[in-house]
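Undergrad: A single structure is presented below for examination.
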Amino acid sequence: MPYFPDEVVEHILGFVSSHRDRNAASLVCHAWYRVEGLTRRSVFISNCYAVRPERVHARFPCLRSLTVKGRPCFADFNLVPAGWGATAEPWVDACARTCPGLEELRLKRMVITDDCLNHLARSFPNLRSLVLVSCEGFSTDGLATIATNCRFLKELDLHGSQVEFRGPHWFSCFPKPSTSLESLNFACLDGTVSANALESLVARSPNLKSLRLNRAVPAAVLANILTSAPKLVDLGTGLVAQNNNADALSLYNAIQQCSSLNSLSGFWDSPRWITPVIHYICKNLTCLNLSYAPTFQTADLIGAIRHCQNLRHLWVLDHIGDAGLKVVASCCLELQELRVFPANADVLASTDVTEEGLVAVSSGCRKLSSVLYSCSRMTNSALITVAKNCSRITSFRLRICLHGSVDAVTGQPLDEGFGAIVRSCKGLRRLSMSGLLTDSVFLYIGMYAERLETLSVAFAGDSDDGMIYVLNGCKNLRKLEMRNCPFGDTALLAGMHRYEAMRSLWMSSCDITLGGCRSLAATMPNLNVEVVSQVDGVSCDAKKVEKLYVYRTLAGPRGDAPGFVSAL
């Protein structure tokens, strides 16, 4: 349809907000490509090394919102060495030069310094949103610069970031007499908080709807905050310790007034006495995150969950046990997302969560679409039942405490159970598997997981055939993550025809060699093939590769690779 006038195409694209849909629209013809680039306001970059910042701004000169991801997700599990890269400075510099109208910046797993934050704050005084997820390299001084210069800031989110604490002064730097803040998340921040400064900030933020506090905020301050934030719908509490009865009573009275809250998280290491207090707001909750509350036991969790009949999202520790999950199944019929995390990092530690809890939830919560489940055991029959009950699942991640765990009843591999998941859940886009798995499960995935985009496996497979089944079968695969699997050079090179259409490939502690990686790099010039090793430099072709990161790129080899990263 290249004969459409540009004005018509622009009007049509004005109704298209999905990044994926806009990408598809840009491929219709040259005219649509040009108009789509000129009209796109929001850009998502899945890998900061996949394209140069200058090229992004030339392609989308009018963008207002930019999202950039840095280190691969395995950085969250300490599998990516410190100093790997992913600095935000080139992106901020490019925005400052060519995109003066930037209003939203979201960075994930990137390194951003105080100097970079200072440059950002002074270049974009009209910045509305700054989201730094799992970022590092900055301090509270940088936050003070943002708060001082970005007078119209609506959102500041530091989720999971490592922030150097240099005092609580940054709370006082937000505008006076009022701010535009609607969302503030500093739950990750270590160090003390000035009670007066925080209470004053909340009081002069009349539009504040989301507030997530760190563990340094006591019960008395939390009570004052709740009293002065009538529009709050999302609350992450601090460490609610009972200093005295007066604090407990004030918090009790304040929570009763929070009729608009629908999302609750935090509590950290709070004592168990707090659970009856939150019963008064449970009836309105659609999201409950107690994954930071290790002191809450099964009885405490059951008491709260019985009141949460409108719950859509539940994150808990495995203290909930099968008994608690059965209560979830009977009370939370609208549940769409369930995440059960291990309370103890020790893989040998016992847990009360088994396949029975997951089966119960699948039977009662038929709208379930996303599952992350940590348990002590699993069976094929349980997975088959889950697949039958919840065919709407789009994300399924299973973590069994012991690597290589077999079916707890039959002693067989878990191939048939995961095979049922990929057969029944037609919309499955993300899958993470655990337990003893053979090449058969990868054959099932290649045959039936037509929409699968992300696959993560560890300690699985028998031979190269397993990986080849997936690469040949999953046409929509975008991210493939393999750890401690017996896949070697044959499997790696068999997937060359797929890698340019994928976002990335990560392999660690597999059977690939340096020679195989070099062959891949020589054959596919549009891929960055990076070998991550604890020893600087490269070696002979037969040497086993510790970690391999492959990703498509328009920018060529990156220039900031540290010594332990070899770009082939």
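Undergrad: Compute the distance in nm between two label points, each set 7 Å from the Cα along the Cα-to-Cβ direction, one at R558 and one at R478.
TA: Each label point lies 7 Å from its Cα, and together they span 1.9 nm.
Undergrad: On average, how much area does the Cα convex hull of the stretch 1-90 cover when viewed from any direction, in nm²?
TA: Averaged projected area of the stretch 1-90's Cα convex hull equals 6.8 nm².
Undergrad: Taking the highest mean first, how do the peptides 98-104, 466-472 order by number of other beta carbon atoms within 10 angstrom per residue?
TA: Ranking, from highest mean packing down: 466-472, 98-104.
Undergrad: Give a quick list of GluC sites (Glu not before Pro) in the stretch 1-95 that DSSP marks as loop, anything other than H, G, I, E or B, with at most 16 other Cβ atoms within 10 Å.
TA: In loop regions of the stretch 1-95 (DSSP not H, G, I, E or B), there are no sparsely surrounded GluC sites (Glu not before Pro).
Undergrad: Return an integer: the convex hull volume of the alpha-carbon atoms of the stretch 1-40, in Å³ per residue.
TA: 53
Undergrad: Within the stretch 548-568, what residues put their amide N at less than 12 Å from the label point 7 Å along the Cα-to-Cβ vector of I45?
TA: Counting backbone N atoms under 12 Å from the label point, the list is 554-555.
Undergrad: Please give, to one decimal in nm, the separation of the simple spin-label points placed at S17 and S172, each 7 Å out from Cα toward the Cβ.
TA: Going by the 7 Å Cα→Cβ label model, 4.0 nm.
Undergrad: Here's something else I'd like to know. Leaving ligands, DNA and RNA out of it, work out the accessible area of V43 with a 1.4 Å probe and give it in Å² to the nearest 10.
TA: We get 0 Å² for V43.
Undergrad: Restricting things to alpha carbons, tell me how big the stretch 432-568 is in terms of Rg and Dmax, in Å.
TA: 14.3, 42
Undergrad: Sticking with this one: Assign one of three labels to the stretch 325-447, namely rounded, prolate or oblate, based on the Cα gyration tensor with a ≥ b ≥ c the square roots of its eigenvalues; rounded applies when a/c is under 1.5, prolate when it is not and a/b is larger than b/c, and oblate otherwise.
TA: oblate
Undergrad: Once the Cα atoms of the stretch 196-311 are picked out, what are the Rg and Dmax in Å?
TA: For the stretch 196-311, the Cα-based Rg and Dmax read 13.1, 39 Å.
Undergrad: Tally Lys/Arg at +1 and Asp/Glu at -1 over every other residue whose Cβ is under 10 Å from the Cβ of R64; what's the total?
TA: Spelling it out: positives minus negatives among the neighbours equals +1.
Undergrad: Within 10 Å, Cβ to Cβ, of K108, how many net charges do the neighbouring residues add up to if Lys/Arg are +1 and Asp/Glu are -1?
TA: +4
Undergrad: Which three numbers, in whole Å and largest first, are the semi-axes of the equivalent ellipsoid of the stretch 491-568 derived from its Cα gyration tensor as √(5λ)?
TA: Over the Cα atoms of the stretch 491-568, the semi-axes work out to 18, 15, 10 Å.
Undergrad: For the chain, what does -39500 (n - 2.57) per DSSP helix run (n ≥ 4), summed and divided by total residues, give at 222 nm, in deg cm²/dmol to the nearest 500?
TA: One gets -9500 deg cm²/dmol as the mean residue ellipticity at 222 nm.
Undergrad: Rounded, prolate or oblate: which fits the chain when a ≥ b ≥ c are the square roots of the eigenvalues of the alpha-carbon gyration tensor, with rounded for a/c under 1.5 and prolate only if a/b beats b/c?
TA: oblate
Undergrad: Going Cα to Cα from K543, which lysines come in below 29 Å? Please leave out same-chain ones fewer than 8 positions away.
TA: Excluding near neighbours in sequence, the set is K479.
Undergrad: What percentage of the solvent-accessible surface of the stretch 1-40, computed with a 1.4 Å probe over protein heavy atoms, is contributed by carbon and sulfur atoms?
TA: Roughly 64 percent of what the probe reaches on the stretch 1-40 is carbon or sulfur.
Undergrad: Distance in nm between label sites at R122 and S260, each 7 Å beyond Cα in the beta-carbon direction?
TA: 3.8
The values are calculated or read from the model by the stated rules, or taken from the named source; none is laboratory data. The model shown is predicted, which means the values in this text are computed figures rather than measured ones. Cβ sites come from the backbone with ideal geometry, for glycine too, and all protein chains shown count toward neighbours. Areas reflect the complete protein model, heavy atoms only, side chains present, ligands, DNA and RNA absent. Shrake-Rupley method; radii C 1.70, N 1.55, O 1.52, S 1.80 Å.
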